[in-house]
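A short reminder: the numbers here are calculations on the coordinates, not readings from a lab. Nothing here was measured: the structure is a model prediction, and the numbers come from that model. Ideal geometry is used to build each Cβ from the backbone, glycine not excepted, and the neighbour counts take in all protein chains shown.
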There are 2 protein chains.
Amino acid sequence: MTEPEPLFERQRQPLLIVISGPSGVGKDTVIQRMKERGVSMHFVVTATTRAPRPGEVNGTDYIFVSNDQFAEMIEKNELIEYAIVYNDYKGIPKQQVRDAMASGKDVVMRIDVQGAATVRSIARDALLIFITTDSEEELVARLQARKTETPEGLKLRIATARKELKRIVEFDYCVINPEFHLETAVDSILAIIEAEHNRVKPRVVTL
Amino acid sequence: MTEPEPLFERQRQPLLIVISGPSGVGKDTVIQRMKERGVSMHFVVTATTRAPRPGEVNGTDYIFVSNDQFAEMIEKNELIEYAIVYNDYKGIPKQQVRDAMASGKDVVMRIDVQGAATVRSIARDALLIFITTDSEEELVARLQARKTETPEGLKLRIATARKELKRIVEFDYCVINPEFHLETAVDSILAIIEAEHNRVKPRVVTL
């Protein structure tokens, strides 16, 4: 017999995973549960100009920076994406994502729908997952239950959610996060990630 | 508030799933294990002109037909795909697949690499999964272990496997079935199926 040749040399490409969707669909809860399940992925730590709240740890919960530092990050193009959230800046440090991916880890980031589109424009092969509730009534109920909104604020959130929903087509996958069935949503996300690693034509992201 | 609108009406499209790959990679074992796990899918029962072996049940193991009946199925275009295997005809009845999909079930079929390409040509949105071992040596070892081959037969199988391997690019996913880790392969296949049901642009198969 001749020298054995490798049948199929599979290179495991790390994925850049964006978890997005309207307010109230449970993006943070889903990501929290992924962490608790102990998956070997890098969860992005966002840089923010907001002051730390009691108990928040720099580098774990957020990377806390000054306005000047944040401005410099913008100018030096060190952020993949950034947004103003209630007068505070929040952004995703590019180098952190690069380092995690270089180590072979999948990277998970939570971004709003607008930001997800920005990531796609930078990294065409990013994996974009849209989280949603199973009905609009459910979403409205969840937003109302927060009780952190003024009636005007709530109206605005609902209107925004409706608009964002029309952008599902820009995403690769849509996962329903049904109330009281969080594990189902997390299972679906992990299945998507597993499946994507078995694609014949892998996603290749360079930042 | 205005009348609530459906946030995202998801239609669950049944998938046409093709499990393929060279001889010796364990396609039958993988499918057997899927059945044992009790997944709610339709596993295609192949029509064959071969005589039933002791214990084989018509309609469960195979649909046993005469040469004349098989010829009629070919003429009437009632088969999705057919092939001659050791002088016997084997084919996949189209109506069986249509009925299962109409009932909303995913359909799983085991086909050789050549046949998988035929399915793709008929149903562009079929989900094509290529199963392989983690190395060529491993595949050769498995083929040798069968001991059902003459040395010439074995050589032919290996040569065929090499050629078939080059056709991975025609498939959507490639799953490694490592020896003694069958469950891993089955997990990956089920993850692919779960993920595919969450695609924003679902596969739509009409036969």
Between region B:54-124 and region A:25-90, the alpha-carbon center distance in angstrom: 54
Label geometry 7 Å along the beta-carbon vector: A:Gln144 inter-copy distances in nm: 7.1
Mean separation of Cα contacts under 8 Å (6+ apart) over length of chain B, as relative contact order %: 31
Under 11 Å, Cβ to Cβ, from A:Glu164 - net charge with Lys/Arg +1 and Asp/Glu -1: +3
For A:Ala71, label point 7 Å along C-beta direction: distances to other copies, nm: 8.8
Relative exposure of B:Met73, B:Met109, judged by other C-beta atoms within 10 Å (fewest first): B:Met73, B:Met109
Interchain or long-range residues, amide H under 5 Å from B:Ile80's placed H: B:Ile92, B:Lys94
Counting DSSP beta bridges with both ends in region A:45-104, the antiparallel % (nearest 5): 70
Net charge of Cβ neighbours under 10 Å - reference B:Glu78; Lys, Arg +1; Asp, Glu -1: 0
Theoretical FRET efficiency, 1/(1+(r/R0)^6), r = Cβ-Cβ of A:Phe64 and B:Leu182, R0 60 Å, to 0.05: 0.80
5 angstrom amide H check on B:Ile63, placed H, neighbours 5+ away: B:Thr46, B:Ala47, B:Thr48
Relative contact order [Cα under 8 Å, 6+ residues apart], region A:26-149, whole percent: 25
Within-12-Å neighbourhood charge of B:Lys94 [Cβ basis; K, R +1; D, E -1]: -1
Computed FRET value (nearest 0.05) for A:Arg12 with B:Asn87, which takes r as the C-beta separation and R₀ as 35 Å: 0.25
Order of B:His42, B:His181 under a 10 Å beta carbon neighbour criterion, fewest first: B:His181, B:His42
Antiparallel DSSP beta bridges within region A:63-192, as percent of all bridges there, nearest 5: 55
Hull-based mean projected area of region B:70-162, where the convex hull spans the alpha carbons, in square nanometres: 7.7
When the convex hull of its Cα atoms is projected in every direction, mean area for chain B (nm²): 14.5
Phi-based couplings in Hz for region B:175-182 (Karplus 6.51, -1.76, 1.60; Gly and Pro marked x): 10, 7, 10, x, 4, 6, 10, 3
Length released on extending from A:Ala71 to A:Arg199, taking residue separation times 0.36 nm less the Cα-Cα span: 42.2 nm
Sequence ranges A:50-62, A:168-180, B:189-201, B:136-148, ranked by mean other-Cβ count within 10 angstrom, highest first: B:189-201, A:168-180, B:136-148, A:50-62
Sorted by Cβ neighbour density within 10 Å, fewest at the top, the residues B:Asp99, A:Asp68: A:Asp68, B:Asp99
